[in-house]
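Presented below is the structure to which this report refers.
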Amino acid sequence: MPLTLYDTMARKKRPFAPADPRRVTMYVCGPTVYNYAHIGNFRPVVVFDVLFRLLRRLYGEDAVVYAANVTDVDDKINARAAEEGVAIAEVAERYLAAYNADAAALGALPPTAQPRATETMDAIVAMIGRLVGNNAAYAAEGHVLFDTQAFGDYGKLSGRPLDEMIAGARVEVAPYKRHPADFVLWKPSKPGEPEWESPWGSGRPGWHIECSAMIEQQLGLPIDIHGGGIDLVFPHHENELAQGLCDGHRHAAYANYWLHNGFLNMAEEKMSKSVGNVALAHDLLQSQPGEAIRWALLAAHYRQPLAWTDDALIQARNSLDHLYGVLGRARHVQAGGSGLLAEDQLAPLLDDLNTPSAMFLLKKLANDLDAAVRRDAGSAPAIKQDLMALAGVMGLLQAEPQAWFQGGADEGLKARIDALIGARDSARAAKDWGEADRIRAELTALNVEVMDGPAGATWRIKEQA
Ligand SMILES: [Zn+2]
């Protein structure tokens, strides 16, 4: 079963074939680092992390090059720095570090490359120069603008023909634009803003050119997969595409597959304790395990809108409690062999990353494993192998079951609980049921739930009511 992906350009699912299976290339538009990122910004991070893991599994760990940019030149960063009275670079550094820490907490592998706009300036200026030289861009009043009328396919990705954009243009179109849809490649900086030298005067680049220059520098055209949120199709990706194909290198395509994830819609309930209303991943991670947030982000198909509610997070935790419970009871089982064909393990993901269907398969395999462990059946190692193989590509179930259940306990408390569990095991072995019950009551007072299984007792800190 081949991997099929929905291509926004073709408006249908297509079998995926990389231009070079030894070097599969993927680019996903990354953050503008001026603040902690909204949970919605982490939906593409997690979705394309699953695709990255799947491609690594299919083509080899070293055969996939995944670049995600960092926009560290932006008005919002400048405004934040001025507001706080600190250097612009300090704001960018701080929020990039926070973004990467949050992405790691959500189980996302680091991209192969994370280029920054400030470190790509030579390539950006060189690309603008080629666009001007190729009559695809023009300088006007200290700006350089892309000439949308020079690119016959402008509007093809988003399905918006150029003539319709004239009618839709607002009245305050800058007078130096030849066409209302023309967009900025280079612009003068205001006093106090960072600026770089260029043949058109000192200034800084527009946002769209950053991605095109990075793609060419990091990956080379055409790339196999370009990803991002659905809100980026127009104008950002339409403009990236136009730039990439007009700089004189005569590539037939900019990206062979365009993938876009749907919106994340915040809960509307206004209860004070509602976690569904917590907008920043950084804040949400204070009260929720990263893996539960990851599960909730993958619980809807990536092209569908995702309703972000308390219920989605509760269901995610319950599902993970169940799966880790099974793995805890099966912790003496050594995974090995396989009950499924390798491609059947991954079948839901190969079908345009159908993560809800993959979660259904995870739960089915977990139930099969639980039954096999209970019967002490010989099929348990193969079922565990299939379960962990699928979970690994989804970036789920990578913790020890004990660590999942004990995530809320500090080291001192863990040691005390382990000692009590040990004393209870001894009391039970000695058939001293009174002492075993007394210890269990003590554990209950510590808000600890004891779970007895074939390989001994495990425990978890219960949810606070
Ligand atoms: Zn981009």
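In the range 396-410, which residues are under 18 Å from the mean Cα position of the chain (by Cα) and open to solvent by less than 60 Å² (accessible area, probe 1.4 Å)? Result: LEU396, LEU397. Applying a threshold of 6 Å to beta carbon distances and a minimum spacing of six or more residues, or different chains, the list of pairs starting in the range 232-254 at a residue that is within 14 Å of ALA213 (Cα to Cα) and ending at one that is within 15 Å of the ligand (Cβ to nearest atom) and among the hydroxyl-bearing types (Ser, Thr, Tyr) reads GLU240/SER212; LEU241/TYR254; GLN243/SER212; GLY244/SER212; GLY244/TYR254; LEU245/TYR254. If only residues of the range 221-280 that are of a type in the set (Ser, Thr, Tyr) and open to solvent by less than 60 Å² (accessible area, probe 1.4 Å) are counted, the one that is farthest from the ligand (Cβ to nearest atom) is SER274. Check VAL24, VAL91 and return the single one that is among the β-branched types (Val, Ile, Thr), over 21 Å from LEU3 (Cβ atoms) and over 17 Å from the mean Cα position of the chain (by Cα). Just a single option satisfies the conditions, and that option is VAL91. Restricting attention to the range 334-363, the residues that are aliphatic (A, V, I, L, M) and open to solvent by less than 20 Å² (accessible area, probe 1.4 Å) add up to 7.
Given GLY159, GLY192, GLY142, GLY129, which one is under 30 Å from ALA10 (Cα atoms) and not acidic (Asp, Glu)?
GLY159
Being within 27 Å of TRP186 (Cα to Cα), among the charged types (D, E, K, R) and either touching a Gly at 6+ places or on another chain (Cβ under 7 Å) or open to solvent by less than 50 Å² (accessible area, probe 1.4 Å) (or both): is that true of ASP49 here? Against the criterion (within 27 Å of TRP186 (Cα to Cα), among the charged types (D, E, K, R) and either touching a Gly at 6+ places or on another chain (Cβ under 7 Å) or open to solvent by less than 50 Å² (accessible area, probe 1.4 Å) (or both)), ASP49 does not qualify. Taking the criterion of being in contact with an Asp or Glu (Cβ under 6 Å, 6 or more places away or on another chain) and crowded, with 19+ Cβ neighbours inside 10 Å, the only residue of the range 7-18 that qualifies is PRO18.
Out of VAL393, VAL333, VAL326, one residue alone is under 27 Å from LEU54 (Cβ atoms) and over 30 Å from the mean Cα position of the chain (by Cα). It is VAL333.
It is to be established whether one or more residues within the range 288-297 are within 30 Å of ARG94 (Cα to Cα), crowded, with 22+ Cβ neighbours inside 10 Å and among the β-branched types (Val, Ile, Thr). There is at least one residue in the range 288-297 that is within 30 Å of ARG94 (Cα to Cα), crowded, with 22+ Cβ neighbours inside 10 Å and among the β-branched types (Val, Ile, Thr). Just checking, does the range 55-68 include any residue being within 11 Å of the chain's Cα centre (by Cα), open to solvent by less than 70 Å² (accessible area, probe 1.4 Å) and either farther than 30 Å from VAL91 by Cβ or within 16 Å of the ligand (Cβ to nearest atom) (or both)? Looking for residues that are within 11 Å of the chain's Cα centre (by Cα), open to solvent by less than 70 Å² (accessible area, probe 1.4 Å) and either farther than 30 Å from VAL91 by Cβ or within 16 Å of the ligand (Cβ to nearest atom) (or both), one finds at least one in the range 55-68, hence yes. Of all residues in the range 108-166 being in contact with a Ser or Thr (Cβ under 8 Å, 6 or more places away or on another chain) and part of a loop (DSSP other than H, G, I, E, B), which is surrounded by the most Cβ atoms within 10 Å (Cβ to Cβ)? It comes out as TYR154.
The set of residues from the range 19-46 being over 18 Å from MET266 (Cβ atoms) and surrounded by 19 or more Cβ atoms within 10 Å (Cβ to Cβ) comprises VAL24, THR25, MET26, TYR27, VAL28, CYS29, GLY30, PRO31, THR32, VAL33, TYR34. Here the range 198-220 is the region considered, the condition is being more than 14 Å from the ligand (Cβ to nearest atom) and of a type in the set (S, T, N, Q), and the residue that is surrounded by the fewest Cβ atoms within 10 Å (Cβ to Cβ) is SER202. Residue by residue through the range 74-105, note down the ones that are open to solvent by 60 Å² or more (accessible area, probe 1.4 Å) and touching a strand residue (DSSP E or B) at 6+ places or on another chain (Cβ under 9 Å). Hit for the range 74-105 is LYS76, nothing else. Name the single residue, out of those in the range 364-379 being at pLDDT 95 or above and in contact with a helix residue (DSSP H, G or I) (Cβ under 7 Å, 6 or more places away or on another chain), that is most open to solvent (accessible area, probe 1.4 Å). Checking each candidate, the answer is ASP368.
Checked against (1) modelled with pLDDT of 95 or more; (2) within 16 Å of the ligand (Cβ to nearest atom), ASP74 meets all criteria but (1).
The values are calculated or read from the model by the stated rules, or taken from the named source; none is laboratory data. Quick caveat: nothing in here was measured; it's all calculated off a predicted structure. A quick note on method: Cβ atoms are made from the backbone with ideal geometry, for glycine too, and the neighbour counts reach across all protein chains shown. Each accessible area value is taken on the protein alone, full model and side chains, heavy atoms only, with ligands, DNA and RNA left out. Shrake-Rupley method; radii C 1.70, N 1.55, O 1.52, S 1.80 Å.
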